[in-house]
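Worksheet: the structure to be examined is printed underneath.
Derivation of every value follows stated rules applied to the coordinates shown; laboratory data play no part. As the structure is a computational prediction, the values presented were derived from the model and not from experiment. Note that we place each Cβ from the backbone using ideal geometry, even for glycine, and neighbour counts take in every protein chain shown.
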Amino acid sequence: MNTVAVVGTQWGDEGKGKIVDLLAADAEIVVRFQGGNNAAHTLVIGGEKFVLRLVPSGALNGEKICVIGGGMVVNAFALIEEIANLKRRGVDLAGRLKLSFDAHMVMPYHIAIDRSRESRLGKRAIGTTGFGIGPAYEDKIARQGLRFDDLIDWKSFKDKLDRNIKEKNLYLKAVLKAKPIDGKTLIAELHKLRRLILPYVTDTSAYVARSIDEGRKILFEGAHGTMLDIDYGTYPFVTSSNCIASAVYAGGGVPPGKLDAVLGISKAYTTRVGAGPFPTEIYGYLGDSIREEGVEFGSATGRPRRIGWFDAALARYAIRVNGLWGLALTKLDVLTGINPLKICVGYKVGKEAYDTMPPGRNALAKAKPIYEEIPGWDEKPDAARTLDELPRDALRYIERLGELCGVPIAMVGVGASRDATIILKNPFRD
Ligand code: IMP
């Protein structure tokens, strides 16, 4: 297959970065199509840790063409910093990073609005990453946003920006009772930054469509996860973009029907950051010890992640809305030493039982998980590169998740590094 998308099936942080990095070996082009630097994809390569927020994770696997698609919202300052950091560490993106002129710019006033709204909400806060993502998408939909395309003509860009700054400062001061942003400094900084960013700005949609026609292998890198999708996730505790596979079409500029396969990524357990329903959440000592063992602290914000058992009901939902070809399970090693393990196989909501997402989004907050128990294992599976090399009960656990989800398990992650993965099916090859 030539065009493959990778999406998260849970609440983000499923370990997509590592799987994208691994699959990128078979791709020529890696495309991000939604979200912004609220995503943080962590990769461990040669013992070195890299965190990528805007640049596709494929950047680190050879000389791939990296595309930041039109569905993204991009903080230009953060992007330039990320490019410079990568360069310092020997990864040069010159000539191989393409930034869509359709992508919207995240501005400091978006960040100020995001943060002050969250602090005003207090206990009812969504728990956003605070990077201005929601307000930037709001401006896009309200047709007030500034796109990288606008940056080409400085005079008209400056006029629009000026107008936006005035309006946002009024809102910040009068409604949110927050400090306004310094418009003059922002304009001066963007004027300087413009020279650095414009060389990357291009028509990525035309490039991607042409590359598909030429039969080139392209990997579409999803950010966040299905349960954070603005339409299909646990609204309002979601991010502000579509994170499911169909976002590849609008956000990547891909003609409908041109995606060959979608690989879903799921941890062997579940995590979520921020507020909102989480039926399989584990509290207390066990949750804390999985968090420590799995280093479950946000890569973008450092916040501790909430921990839960694997949820097959949510996985089935993710399989349906994404049309998944297969599932890659990550971080199996983290569950070593827990006995027994629990798997959520469905929910009870009142008297009704469900084997997938119950209808009506609020139902998830009331859902009581139905658990199945399964024996754990004590021997670390990190060195396994085939299923036969796994501890017997770890293999049984994987097989059971496969049975419950009803799609092939394509990969199993057994450690942090790129090679600590059992590959059963590779969508570019099989
Ligand atoms: P926002 O995307 O910053 O607006 O945050 C909205 C919600 O999505 C919050 O609960 C965040 O914690 C969550 N979120 C956004 N991006 C990620 C991610 O990449 N991983 C996990 N959670 C995320």
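Some observations on this one:
- Whole-angstrom gap from the stretch 132-149 to the stretch 45-103, using each part's C-alpha centre: 21
- Electrostatic bookkeeping for L329 treats Lys and Arg as +1 and Asp and Glu as -1; over the other residues with beta carbon under 10 Å from its beta carbon, the sum is +1.
- log10 of Debye I(q)/I(0), alpha-carbon scatterers only, for the stretch 314-399 at 0.16, 0.18, 0.20 Å⁻¹: -0.78, -0.90, -0.99
- If you take all other residues with their beta carbon under 11 Å from the beta carbon of S246, and give Lys and Arg +1 and Asp and Glu -1, the sum is -2.
- Listed pairs K16/K380; K64/K123; K331/K351; K49/K173; K64/K179; K49/K179 exceeding 32 Å between Cα atoms: K64/K123; K331/K351; K49/K173; K64/K179; K49/K179
- This model, with +1 at the C-beta of Lys and Arg and -1 at the C-beta of Asp and Glu, gives the chain a dipole about its Cα centre of some 1620 debye.
- Where the Cα pairs of the stretch 110-170 fall when distances are cut into 5 Å bins, in %: 4, 17, 22, 23, 17, 9, 5, 3, 1
- Normalised contact order of the chain, rounded percent, pairs of Cα under 8 Å and 6 or more residues apart: 21
- Over the stretch 273-430, relative contact order from alpha-carbon pairs under 8 Å, at least 6 apart, %: 24
- With helices as the sole contributors, the chain gives -9500 deg cm²/dmol at 222 nm; each DSSP H run of n ≥ 4 counts as -39500 (n - 2.57), and the sum is divided by every residue.
- Lys/Arg +1, Asp/Glu -1 at C-beta; the stretch 235-336 dipole; positive extreme among N242, A315, V262: N242
- Of all DSSP-defined beta bridges confined to the stretch 193-333, some 50% are antiparallel rather than parallel.
- Kirkwood hydrodynamic radius computed over the chain comes to 22.1 Å, based on all pairs of distinct alpha carbons.
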